[in-house]
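The values are calculated or read from the model by the stated rules, or taken from the named source; none is laboratory data. None of the values given here were measured: they were computed from a predicted structure. Cβ placement follows ideal geometry from the backbone for every residue including glycine, while neighbour counts extend to all protein chains displayed. Just so you know, the surface numbers come from the protein's heavy atoms only, side chains and all, with ligands and any DNA or RNA stripped out. Shrake-Rupley method; radii C 1.70, N 1.55, O 1.52, S 1.80 Å.
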Amino acid sequence: MSSSTGTGKRKEIYKYEAPWTVYSMNWSVRPDKRFRLALGSFVEEYNNKVQVVSLDEDTSDFVVRSTFDHPYPTTKIMWIPDAKGVFPDLVATSGDYLRVWRVNENDTRLECLLNNNKNSDFCAPLTSFDWNEVDPNLLGTSSIDTTCTIWGLETGQVLGRVNLVSGHVKTQLIAHDKEVYDIAFSRAGGGRDMFASVGADGSVRMFDLRHLEHSTIIYEDPAHHPLLRLCWNKQDPNYLATMAMDSLEVIILDVRVPCTPVARLNNHRACVNGMAWAPHSSCHICTSADDHQALIWDIQQMPRVIEDPILAYTSDGEINQIQWASTQPDWIAICYNNCLEILRV
């Protein structure tokens, strides 16, 4: 069930209503799948769902391409960052484990389940993960057991058989003193080796896969509030954004000036839940919160105070997820309650 507002072919908002509360969501990156997203349910018990939906631009309606079962809610969903369409059509989910799924025209099947505890089937729950854009054979997961794990994925063609995907642990490290809540790779140096993590100890830590014996603390929350999310600027790897639990603001950091935020985006009137940098601009970021608002900010005035957002959108519910489409930079997706909306910006 979906609706749209606007006239003619160029609508500004498209809406899809899922059969359950939507928790995680992300855009497909493939050039031939323009308006395709994956959505994960939030159901309190074990049995959850993931849907692949796409917008039919002729009818302005979302179509469900496939639905598959997922144990526990997905803490994050991400499509393989394959802008050229040369890898298999994969989507990954985190929850109790990291799972990689292959999406076919009418169904989705599990390709591999990655568990780094060789001694048992038990694995500490994964809070988040990131897929390396420079090298799509690398993924990193963050866990409540204080560790981050970097995975190598094998997506090569096996002669005489279908494309089989498998994975192995490249490295596992104790990243924080407490639970790790998010991990994100940086494009710094044009490479694939830098990543950062945030966690319950209130710190942002930066790592280099080539020198894992030490990390750099680039920010610590003054009151040691847990930091829930971090997000690298897509165009300028010197900048990243983070947010603390139950905070009304998003903090912008410059890795060249550690420990001191270069900007605080604090127009929200309730807890911030999400943030997404523009894929095409180094100075635009979108934030979303329980105040039903998605705000777009222009931060090029930094380090001068950023007073107000340049755009604001008010939804019908508390926005718990926001994603900016990397291949279509004029579209942002938000989730609230059981609704997905994509907005032209």
- Among the residues of region 281-291, is there at least one that is at pLDDT 95 or above, assigned to a strand (DSSP E or B) and open to solvent by 10 Å² or more (accessible area, probe 1.4 Å)? yes
- Query: Residues of region 193-218 being surrounded by fewer than 18 Cβ atoms within 10 Å (Cβ to Cβ), under 17 Å from TRP151 (Cα atoms), in contact with a strand residue (DSSP E or B) (Cβ under 6 Å, 6 or more places away or on another chain) and not acidic (Asp, Glu), which ones?
  - Reply: LEU212
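Under 25 Å from PHE185 (Cα atoms), open to solvent by less than 50 Å² (accessible area, probe 1.4 Å) and assigned to a strand (DSSP E or B), is that true of GLN321?
It is true that GLN321 is under 25 Å from PHE185 (Cα atoms), open to solvent by less than 50 Å² (accessible area, probe 1.4 Å) and assigned to a strand (DSSP E or B).
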- Task: Determine if region 237-260 includes at least one residue that is closer than 26 Å to THR146 by Cβ, free of Cβ contacts under 8 Å to residues at least 12 places away in the same chain and among the charged types (D, E, K, R).
- Result: no
- Could you tell me whether any residue of region 303-317 is of a type in the set (A, V, I, L, M) and within 21 Å of ASP130 (Cβ to Cβ)? no
- Task: Please report, ordered by residue number, the strands (runs of 3 or more DSSP E) entirely within region 106-192 with at least 3 residues that are at pLDDT 90 or above.
- Result: 108-114, 126-131, 138-143, 147-154, 180-185
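So how many residues does region 292-318 have that are on the phi < 0 side of the Ramachandran plot and part of a loop (DSSP other than H, G, I, E, B)? Talk me through it step by step, then tell me what you get.
Going through region 292-318, the residues on the phi < 0 side of the Ramachandran plot turn out to be 293-318.
Cutting the leftovers down to part of a loop (DSSP other than H, G, I, E, B) gives us 299-310, 315-318.
Total satisfying the criteria: 16.
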